[in-house]
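Okay, so here's the structure we're looking at.
No value in this document is a laboratory result; all are computed from the given coordinates. Because the structure is a prediction, the values reported are computed rather than measured. Methodologically, a virtual Cβ is constructed for each residue, glycine included, from the backbone with ideal geometry; neighbour enumeration extends over all protein chains shown.
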Amino acid sequence: MASNIYQMVTDRIIEQMNAGIVPWHQPWVGGAAMAISYTTRKAYSMLNQLLLGKPGEWLTWNQIQAKGGRVKPGAKSRFCVYCQFVEKNDVPDDEDEKKRDGYLILKWYRVFHIDDTLGIESKCQAVEPGSNLSPIQRAEDVIAAYLQRESSLTFFHEEESTSAYYSPSRDEVVVPRLAQYQLAEEYYSTAFHEFTHSTMHESRCNRTSESAITRFGDSDYSREELVAEIGSAMLCNRIGIENEKAFRNSAAYIQSWLKALKNDNKMIVWAAKKAEEAARYILGESLPEG
Ligand SMILES: [Zn+2]
C-alpha cells in the first residue's frame, strides 16, 4: 500500500484500468443502485464509488462486529476516503490543500462488502419502479431544465458539425446533430460531457482558474477533461441511458487515461469531486455535506 493517500487512490484506479475496467463507466456509478453505507444508508461520494468498484451495502469491521456478524474467510476489504478539516496550526507542505482558516486532508478507512460478510442481513428493499419516461426523454428534460436555469448558455445541436465542444468565451455548447450519431446514447453522453465543461463557468461551479487549459473538446487529457468524462458518465447512469451504448472503453481510451493518472496522482481525487459537483449542478440538486 502506497504511503501517500493520493498515490493509494490513484493506484486503486490504475489497478482497475489495468484489468480493462473504466471505473467511471461502471453502469451503477452515479445511478440508482450505488455503493452505500450499511449504517447510514447514504451513498458514498463519487470518488468512493470509483474506489469501491461494486454497488450495494458496505460496512466497517467495527460495524460488522457490532451487528454480531463476521467477515468471510479470505475476504478482502476495500478502502474509501473522506476529507477532514484541520485547523491552521500545522501548515501543510502541500499548496493545493491550503484553505483560509485551515485545510482539508484526505483520510481513509477500510470497508467490507455485505457479500463478504456472514450474519449481516441486508436492509435493501426492492427497487422502486422508476418513472415511465424513457431515458432519452429524461435526458432531454434534464438538458431543457438546465438551459432554462442558465439563460446565458446556448446549445447548438441542430446543424452538421464535425466536433463537439464548449466555448467558455461564448458560453456555448456545440454538439453534432443527433442524426450524425450511430446511437442516440452516444449523442447524449457527448452532450453531457460538454455540459459538464459548461459548469466550469464562474457563475456555476467556477473551475476556470483551476482548469488550466484553453481549448475544450480536443483530446487534451487534463484534469478538466476527466471532470467532463466522469460528469457525463454520472449523468448518463443517473438518467438510465444504456451505458454500453453511451461509452466505448477502447484500449486506447484506457491507455490515455492510465498515462494521465500516472503523471498526476491528484487528478482522480480532484476530478471525481468536481465531476460530482458539476453533475449535481446540471441536475439542479444540492451537494450533500462532507
Ligand atoms: Zn472535453
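Worth a mention:
- Which listed residue, of Gln49, Gln84, is closer than 19 Å to Arg12 by Cβ and among the polar types (S, T, N, Q): Gln49
- Among the residues making up the stretch 137-152, those that are part of a helix (DSSP H, G or I) and either of a type in the set (Asp, Glu) or in contact (Cβ under 8 Å) with a residue 60 or more places away in the chain (or both) are Arg138, Ala139, Glu140, Asp141, Val142, Ala145, Tyr146, Arg149.
- The set of residues in the stretch 163-209 being hydroxyl-bearing (Ser, Thr, Tyr), out of contact with any His (no Cβ under 7 Å at 6 or more places or on another chain) and within 14 Å of the ligand (Cβ to nearest atom) consists of Ser163, Tyr165, Ser167, Ser189, Thr190, Thr196, Ser198, Thr199.
- Of residues in the stretch 242-290 being in contact (Cβ under 8 Å) with a residue 24 or more places away in the chain and acidic (Asp, Glu), the one surrounded by the fewest Cβ atoms within 10 Å (Cβ to Cβ): Glu244
- With a requirement of 3 or more residues that are of a type in the set (A, V, I, L, M), the helices (runs of 4 or more DSSP H) lying completely within the stretch 1-89 that satisfy it span 5-18, 46-52.
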